[in-house]
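Novice: Dumping the structure here so I can ask a few things about it.
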Amino acid sequence: MITKVVGKRVERVGILDKVTGKAKYGADLEIPNALILKVYRSPVPHGIVRKIDTSEAAGVDGVVRIFTAKDIPGENLYGIINKDQPVLTGEKVRFEGDPIVLVAAEDEESADRALAALRVEIDELPAVFDPNEALKPEAPSIHEKGNLLFERKIVKGDVEKGFTASDIVIEETYETNMLEHAYIEPEVGVAYRDEDGCVVVLVTTQNPHSDHAQLVSILGVEPEKVRVIQTETGGGFGGKLDISVQPFLALAAYHLDRPVRMVYSREESFQATAKRHPLKIRMKTGATRDGKLTAMKAEIIADTGAYGSYGIAVATRAAVHATGPYEVPNVYVESKAVYTNNNWSGAMRGFGVPQIAVAHESQMDKLAESLGFDPITFRMMNAFTTGSVTPTGQTLNASVGIRETLKKIRPYYEQLLREADATQLSGLTGMKYGVGVASMWYGIGNTGHPNPSSAQIEVDHEGNVTLFTGAADIGQGSDTVLVQIAAETLGLPFDKIHLVRADTTLTTDAGATSASRQTYISGRAVYEAALEVRKQLVERAAKVFKVPANLMVCEGGFFFPQYREFQKLSLTDIIRRSLVPGEVIRGEGYFNPETTSLDPETGQGVPYTTYAFASQVSLVEVDLVTGQVGVVKTISAHDVGKAVNPANVEGQIFSGVAMGIGMGLFEQFYPRKTKSLDTYLIPTAMDVPEITPVIVEVPEPTGPFGAKGVGEPALIPTAPAILNAIHHATGWWVNRIPADLETIRGLTSADEMEKSKS
Amino acid sequence: MKISFTLNGKPVSCDLPSNRRVVDVLREDLGLMGTKEACGTGECGACTILVDGIPRLSCLMLAAQLEGRDVTTIEGLSKSGETLHPIQQAFVEAGAVQCGFCTPGMVLATTHLLSENPRPTREEIREALSGNICRCTGYQKIVDAVELAAEKLTEKGETA
Ligand code: FES
Ligand code: FES
């Protein structure tokens, strides 16, 4: 199919405002007379709130109002999947940082003085920080229902029989790190009540319609009494799916007759928002001598911290994806999300899949090595293809590009092997070079749940075309992609379309910007809306030309009857001739990819309509003396279905690889200890190598122009490819991330001890 | 105290507490919201401004340090008459922007780099920008943008 806008590197929507400093993020909104909000948070990880004395704080100069749990008019409980988290806790604190009191003051200094003047008495309870400990019967109970939030089982075939029929079985334990999203813009927003008494919240978010629903329930008001508008958003990576400042802003604006403003400091952003779930994974994988996978068994424990957030989704996704993109006839997975008194874990780019990929990709390399296959050949022998059946019993019918991505990286793999050998020969002593491969699959959209999106397109009597979408662009580029899809479908130039986005009063629900779903799901909804408008426009044009609609051509913003291009009329001409002032042409689009819920006992079902696939190869250098691992080169091949905007796809690949390097090599959030970017290091330009992106397009029939998604897949293969490269360089299997300086130095000295013994 | 300095080419004079952070002076007192604050502790580079042409972290500078200085923020980078400075134009063409929160700081850090080193290598670019954190782009397109900006500026016979 020849496309004019889709598949093109158009200039990103909003980029001019961003390079000139004009873009308005939450902190940039000028709201005169706004009060400052600050929160008092629990200094202990587990306890019962005995007494809250606000009298002294209320007397502090400049303090306007102090709120506690009893000021919450509606339900003092929120949570995106299971509601278990109080806005302000009046009874129990479950982690160091649980919010207890909200202060509204004229300025920051007064708010700080009020926080210092609060007297909060908490009876400390024994706390538990390890999920395995938390599961023991004698462990302190964090929530009334117990410490097991959720368990997901996947059962396919007979795993024990599968192991019996194996020539080789490898069993290993893996551990992954707790991570901070570290989006560069901390949480921020403003709120006020408008003339109609509606609480308007302007906020950095990736989930405006869900924010709206949660605020409606917290305030106990009618839906039209709350409006959430997404400001320009400085990154999210899953961390801005949960509400943060929203309920505090809404609560204060509801009670006070003044606008309010709240911004988290970096320290508060670290302390008071979700983290990536650390996983402990026990994985056992079997194969036959001739290289066929026979069985895979996994036990997964995810530390979900004090609250549920996306814990259920993470435990489920890790389980569903536990085999990797390979056919395994016999599968048994048990995956648990467990409460502890750590910072709560939630969504972060990939929801458990980046973690589980560390396990399945290490297993693949271990098996390949033992059986004498190179890593790409072994993956190719087992990779999904059209007709393959997944662990949940789903037959993959289309857009299965995993083999294509492996084929694409093969020449790079061989070239990097030669480079590693050559550098090793000429390189410094104490330096080791190695090449590692990893692959991944990733289901697009929510797991086994409906996750529809909707969109509208309007053409007014002057020919202005407006796309309405609830999808929040948080920097990944959905604005651009959605406008491209609309423009292509309508046969209009890209810059002809005006965009209204992510305002719960003006736009309808597009679902969250998460699960790599906006291009695929909202893109399809926009496509449907555009088709509808196009149909109406063509009908109008046909009337103008007095020909049947099926003989009309619509191209490049012009309409003409077949073979009569010389008579062409522009969209505006058609509109002027057929619409009266005030009349609009409107198209509605809706898409909800087909899924079924997973069977609670066996996990069988259709969790997603479509999957993205990727394979990556990295060359690393390991400094045996300092323990430092550097990624020298990375080539990453992604099957995205169709790259609606290749520049955006590349941008996501670069972004994911960079984040994966941090995850694989040095990022580690220590609950109660990590407070700033000084100790939580994220990759700089020096840590990220030159990356070669390879776009593979195996079209998805249900996607707009064949598109799937890439936002999270971009990250997933990175850490495992690094671990496999470290093995190739040094012979050590690293089963725990990050593979930081201490880990590598530890392995070096263990090796030396071993050598000195023998 | 009374503080006088040049801001984006124009003289300004204001009465400020000497210990007020420059990022607050710019954003709150002078309404220049292009300078971003992302950490407040000197770790991210989002608040970068140019003081006498040198990149400085405005979250760590105090108002008194502005006295007599020549300050450039993202708002003052392009010359009057042009909508975009060639460096900004390069960031647009290279698609070096995702969320954009790091962008003003990156652009200003680039301005300094190219004034010192008009044709930097990719390695040199990475090193020069290593104090500016970007969580979104993986840096590659930013490095592309800086190379492109260097070309544009040398073609025009200009320096940053
Ligand atoms: S805000 Fe100044 S360095 Fe981060
Ligand atoms: S573009 Fe988001 S931090 Fe750089």
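The values are calculated or read from the model by the stated rules, or taken from the named source; none is laboratory data. Since this is a predicted model, take the numbers as computed values, not measurements. Please note: Cβ atoms are built from the backbone with ideal geometry, for glycine as well, and neighbour counts cover all protein chains shown.
Novice: Please determine whether any residue of region A:229-237 is in the same structural domain as A:Arg65 (by TED's automatic domain parsing), among the aliphatic types (A, V, I, L, M) and surrounded by 24 or more Cβ atoms within 10 Å (Cβ to Cβ).
Specialist: No, the conditions are met nowhere in region A:229-237.
Novice: What residue, among those in region B:74-125 that are among the hydrophobic types (A, V, I, L, M, F, W, C) and away from ligand 2 (no atom under 16 Å from the Cβ), is farthest from the other protein chains (Cβ to nearest Cβ)?
Specialist: B:Leu114
Novice: Now, a different point. For region B:34-54, which residues satisfy the criterion of being surrounded by 20 or more Cβ atoms within 10 Å (Cβ to Cβ) and touching a residue at least 24 places away in the same chain (Cβ under 8 Å)?
Specialist: B:Gly34, B:Thr35, B:Lys36, B:Ala38, B:Glu43, B:Cys44, B:Gly45, B:Ala46, B:Cys47, B:Thr48, B:Ile49, B:Leu50
Novice: Further question: Identify the residue in region A:222-245 that is among the charged types (D, E, K, R) and part of a loop (DSSP other than H, G, I, E, B) and, among all such residues, is farthest from A:Ser655 (Cα to Cα).
Specialist: A:Glu222
Novice: Another question, then. Can you pull out every residue in region A:732-748 that is in a helix (DSSP H, G or I) and buried (at least 21 other Cβ atoms within 10 Å of the Cβ)?
Specialist: A:Ile744
Novice: Out of all the residues in region A:488-507, which are crowded, with 24+ Cβ neighbours inside 10 Å and either modelled with pLDDT under 95 or assigned to a helix (DSSP H, G or I) (or both)?
Specialist: If the condition is that a residue be crowded, with 24+ Cβ neighbours inside 10 Å and either modelled with pLDDT under 95 or assigned to a helix (DSSP H, G or I) (or both), then A:Thr489, A:Leu490, A:Leu492 are the ones that fit.
Novice: Also, I was wondering about something else. Out of all the residues in region B:101-110, which are over 15 Å from A:Tyr25 (Cβ atoms) and either in a loop (DSSP other than H, G, I, E, B) or more than 16 Å from ligand 1 (Cβ to nearest atom) (or both)?
Specialist: Across region B:101-110, the qualifying residue is only B:Thr110.
Novice: For region B:40-50, check the following and say yes or no: at least one residue is of a type in the set (A, V, I, L, M), more than 8 Å from chain A (Cβ to nearest Cβ) and touching a Gly at 6+ places or on another chain (Cβ under 7 Å).
Specialist: Within region B:40-50, not a single residue is of a type in the set (A, V, I, L, M), more than 8 Å from chain A (Cβ to nearest Cβ) and touching a Gly at 6+ places or on another chain (Cβ under 7 Å).
Novice: Got a sec? Which of A:Gly162, A:Gly189 is out of contact with any helix residue (DSSP H, G or I) (no Cβ under 9 Å at 6 or more places or on another chain) and either touching a residue at least 40 places away in the same chain (Cβ under 8 Å) or part of a loop (DSSP other than H, G, I, E, B) (or both)?
Specialist: Residue meeting the stated conditions: A:Gly162.
Novice: Another one. Can A:Lys38 be described as within 14 Å of chain B (Cβ to nearest Cβ) and either in a strand (DSSP E or B) or touching a Ser or Thr at 6+ places or on another chain (Cβ under 9 Å) (or both)?
Specialist: no
Novice: Sticking with this one: If I filter region A:423-439 down to residues being aliphatic (A, V, I, L, M) and touching a Phe, Trp or Tyr at 6+ places or on another chain (Cβ under 9 Å), which single residue comes out as surrounded by the most Cβ atoms within 10 Å (Cβ to Cβ)?
Specialist: Applying the filter and picking the extreme gives A:Val437.
Novice: Going through region B:68-95 one residue at a time, which ones are part of a helix (DSSP H, G or I) and in contact (Cβ under 8 Å) with a residue 60 or more places away in the chain?
Specialist: If the condition is that a residue be part of a helix (DSSP H, G or I) and in contact (Cβ under 8 Å) with a residue 60 or more places away in the chain, then B:Glu75, B:Gly76, B:Pro86, B:Ile87, B:Gln89, B:Ala90 are the ones that fit.
Novice: Within region A:684-696, track down each residue that is surrounded by 19 or more Cβ atoms within 10 Å (Cβ to Cβ) and more than 8 Å from chain B (Cβ to nearest Cβ).
Specialist: A:Pro689, A:Pro693, A:Val694, A:Val696
Novice: Quick check on my filter: what residues within region A:137-159 are over 23 Å from A:Ala319 (Cα atoms) and touching a residue at least 24 places away in the same chain (Cβ under 8 Å)?
Specialist: Within region A:137-159, A:Pro140, A:Ile142, A:His143 qualify.
Novice: Moving to a separate point now. Restricting to region B:129-142, and then to whatever is under 16 Å from the mean Cα position of the chain (by Cα) and within 16 Å of ligand 1 (Cβ to nearest atom), can you tell me which residue is nearest to A:Arg12 (Cα to Cα)?
Specialist: B:Cys134
Novice: Hey, another quick one. Select, from B:Gln65, B:Gln98, the only residue that is part of a helix (DSSP H, G or I) and among the polar types (S, T, N, Q).
Specialist: Criteria check complete, one pass: B:Gln65.
Novice: Go through region A:361-391 and report how many residues are touching a Pro at 6+ places or on another chain (Cβ under 7 Å) and in a strand (DSSP E or B).
Specialist: The total comes to 1.
Novice: Looking only at region B:1-33, which residues are touching a residue at least 24 places away in the same chain (Cβ under 8 Å) and within 14 Å of chain A (Cβ to nearest Cβ)?
Specialist: Answer for region B:1-33, where residues must be touching a residue at least 24 places away in the same chain (Cβ under 8 Å) and within 14 Å of chain A (Cβ to nearest Cβ): B:Leu7, B:Asn8, B:Pro17, B:Asn19, B:Arg20, B:Arg21, B:Val23, B:Leu26, B:Leu32.
Novice: Still on this structure: Name the single residue that is surrounded by the fewest Cβ atoms within 10 Å (Cβ to Cβ) among those in region A:76-126 being in contact with a Gly (Cβ under 7 Å, 6 or more places away or on another chain) and in a loop (DSSP other than H, G, I, E, B).
Specialist: Ranking the qualifying residues of region A:76-126, first place goes to A:Asp107.
Novice: For region B:118-146, which positions are in a loop (DSSP other than H, G, I, E, B) and either within 13 Å of A:Pro683 (Cβ to Cβ) or touching a residue at least 60 places away in the same chain (Cβ under 8 Å) (or both)?
Specialist: Those that are in a loop (DSSP other than H, G, I, E, B) and either within 13 Å of A:Pro683 (Cβ to Cβ) or touching a residue at least 60 places away in the same chain (Cβ under 8 Å) (or both): B:Leu129, B:Ser130, B:Gly131, B:Asn132, B:Ile133, B:Cys134, B:Arg135, B:Cys136, B:Thr137, B:Gly138, B:Tyr139.
Novice: What is the residue count in region A:539-548 for residues that are buried (at least 19 other Cβ atoms within 10 Å of the Cβ) and β-branched (Val, Ile, Thr)?
Specialist: 0
Novice: Hey, which of the strands (runs of 3 or more DSSP E) in region B:1-60, taking only ones fully inside, have at least 2 residues that are away from ligand 1 (no atom under 14 Å from the Cβ), touching an Asp or Glu at 6+ places or on another chain (Cβ under 7 Å) and farther than 21 Å from A:Ser676 by Cα?
Specialist: Where strands (runs of 3 or more DSSP E) fall fully within region B:1-60 and carry at least 2 residues being away from ligand 1 (no atom under 14 Å from the Cβ), touching an Asp or Glu at 6+ places or on another chain (Cβ under 7 Å) and farther than 21 Å from A:Ser676 by Cα, they are B:2-7.
Novice: Working only within region A:1-27, note down all residues that are of a type in the set (S, T, N, Q) and more than 8 Å from chain B (Cβ to nearest Cβ).
Specialist: A:Thr3
Novice: Go through (1) touching a Pro at 6+ places or on another chain (Cβ under 8 Å); (2) of a type in the set (A, V, I, L, M, F, W, C); (3) over 22 Å from A:Tyr680 (Cα atoms); (4) in the same structural domain as A:Phe669 (by TED's automatic domain parsing) one by one and return the number of the condition A:Met283 breaks.
Specialist: Just one mismatch for A:Met283, condition (1).
Novice: Next up: Pairs needed: first member in region A:667-681, more than 14 Å from chain B (Cβ to nearest Cβ) and in contact (Cβ under 8 Å) with a residue 40 or more places away in the chain; second member anywhere, acidic (Asp, Glu) and within 16 Å of ligand 2 (Cβ to nearest atom); C-beta distance under 9 Å; at least 6 residues apart or different chains.
Specialist: A:Phe669/A:Glu180
Novice: Kindly indicate the residue of region A:574-632 that is of a type in the set (Asp, Glu) and outside any strand (DSSP E or B) and also nearest to the chain's Cα centre (by Cα) among those meeting that condition.
Specialist: Among them, the one singled out is A:Glu594.
Novice: Within the group A:Ser522, A:Ser514, which residue is assigned to a helix (DSSP H, G or I), surrounded by 24 or more Cβ atoms within 10 Å (Cβ to Cβ) and not assigned by TED's automatic domain parsing to the domain that holds A:His638?
Specialist: Going through A:Ser522, A:Ser514 in turn, just one is assigned to a helix (DSSP H, G or I), surrounded by 24 or more Cβ atoms within 10 Å (Cβ to Cβ) and not assigned by TED's automatic domain parsing to the domain that holds A:His638: A:Ser522.
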